[in-house]
Amino acid sequence: MAPEVVATLPGRLQELLGYNIFPPFVGYVDGRHPKRFLPAP
């Protein structure tokens, strides 16, 4: 799904699509939280 579309979805749905992190460091992209790669809605 395009990041532009994901940015318009509710936060919980973004998490279910993988835009979240889990301890200890699962989900980080290049050392950053994956939501930082989403454009502003």
LYS35 passes all but one of (1) within 8 Å of the chain's Cα centre (by Cα); (2) not in a helix (DSSP H, G or I); which number fails? (2)
Scope the range 2-23; condition assigned to a loop (DSSP other than H, G, I, E, B) and either in contact with a Leu (Cβ under 6 Å, 6 or more places away or on another chain) or more than 13 Å from PRO39 (Cβ to Cβ) (or both); matching residues: ALA7, PRO10, LEU17, GLY18, ASN20, ILE21, PRO23
In the range 9-41, anything surrounded by 11 or more Cβ atoms within 10 Å (Cβ to Cβ) and β-branched (Val, Ile, Thr) is listed as ILE21, VAL29
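Since every read-out is calculated from the coordinates, none of them should be taken as a lab result. Note that the structure is predicted; figures quoted are calculated from it, not measured. Don't worry about glycine lacking a Cβ; one is built from the backbone with ideal geometry, like all the others, and counts go over all protein chains shown.
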